[in-house]
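Report on the structure given below.
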Amino acid sequence: NAGVTQTPKFRILKIGQSMTLQCTQDMNHNYMYWYRQDPGMGLKLIYYSVGAGITDKGEVPNGYNVSRSTTEDFPLRLELAAPSQTSVYFCASRGPGVNEKLFFGSGTQLSVL
Amino acid sequence: QKEVEQNSGPLSVPEGAIASLNCTYSDRGSQSFFWYRQYSGKSPELIMSIYSNGDKEDGRFTAQLNKASQYVSLLIRDSQPSDSATYLCAVIGRSGNTPLVFGKGTRLSVIA
């Protein structure tokens, strides 16, 4: 059971470049999330999904896009990367109940220079 | 905007002491409350969850919830240097569709 798999683990982008962070889970979870974590800060929600075909904005969605064509995959797209997007990105998933815990991926360290 | 507030610390305690971490939340309809531990450079990991008013104990960890005061806390007894990490409080609202909201975390340092 792999859990939540994120790729890549590290990436350096130049300003204006685009990239996709991949996230896949094998637990058949409907709920999936993308968070970013700046140094010394908590997790800020970028986008989330409650099921295939359904996505919604979180606290900091500007500069990002997501899609959810399957239950397993929830990629995060960065368009026109900016230095403000330098952060650690975490993908997470959970089961349906309000008491279900989050399963996190290992994170992606992104630097935009 | 639903908010979760934590003192960012650092909180320094000597080895063997009790560490007390606090969290307040703004959404009175919140149902479930979680404490995650995050070591530097790692993903958060769940250490405690609590859903009802009162105390919940698991080994050296005790979570306390007071919904009337919108307050949740985590006590770590017999603190060890390995407990040194950032502790994130997370809250979920009244619907399972609402995402978890995280506080900024409290950095705990246990001094040997």
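Given the pairs A:Lys57/B:Lys2; A:Lys9/A:Lys57; A:Lys9/A:Lys101; A:Lys57/B:Lys67, which span a C-alpha to C-alpha distance of over 20 angstrom in this model? The pairs that break the limit, which is 20 Å between Cα atoms, are A:Lys9/A:Lys57; A:Lys9/A:Lys101; A:Lys57/B:Lys67. Here the Debye sum runs over all C-alpha atoms of chain B as equal scatterers in vacuum, and log10 of I(q)/I(0) at q = 0.10, 0.14, 0.19 Å⁻¹ comes out as -0.26, -0.51, -0.93. Per residue, the accessible area of chain A comes to 46 Å², computed with a 1.4 Å probe over protein heavy atoms only.
With a/c under 1.5 counting as rounded, go ahead and sort the range B:26-71 into rounded, prolate or oblate using the C-alpha gyration tensor (a ≥ b ≥ c being the square roots of the eigenvalues; past the cut-off, prolate if a/b is larger than b/c, else oblate). Cα axes put the range B:26-71 in the oblate bin. Checking an interface number: how much accessible area is buried between B and A, summed over both chains, with a 1.4 Å probe, in Å² rounded to 100? Using a 1.4 Å probe, the pair buries roughly 1700 Å². Only alpha carbons enter this Debye calculation for chain A, each as an equal point scatterer, and the log10 of I(q)/I(0) it gives at q = 0.14, 0.20 Å⁻¹ is -0.51, -1.03.
Nonpolar atom fraction for chain B, defined as the carbon and sulfur part of the 1.4 Å probe accessible area, stands at 46 percent.
Bridgeable aspartates and glutamates around A:Lys44 (alpha carbons under 15 Å apart, same-chain partners fewer than 8 residues away excluded): A:Asp56, A:Glu59, B:Glu3, B:Glu5.
Taken per residue, the accessible surface of the range B:41-112 reaches 44 Å², heavy atoms only and a 1.4 Å probe.
The values are calculated or read from the model by the stated rules, or taken from the named source; none is laboratory data. These numbers come from a predicted model, not from an experiment. All accessible areas refer to the heavy atoms of the entire protein, side chains included, with ligands and DNA or RNA removed. Shrake-Rupley method; radii C 1.70, N 1.55, O 1.52, S 1.80 Å.
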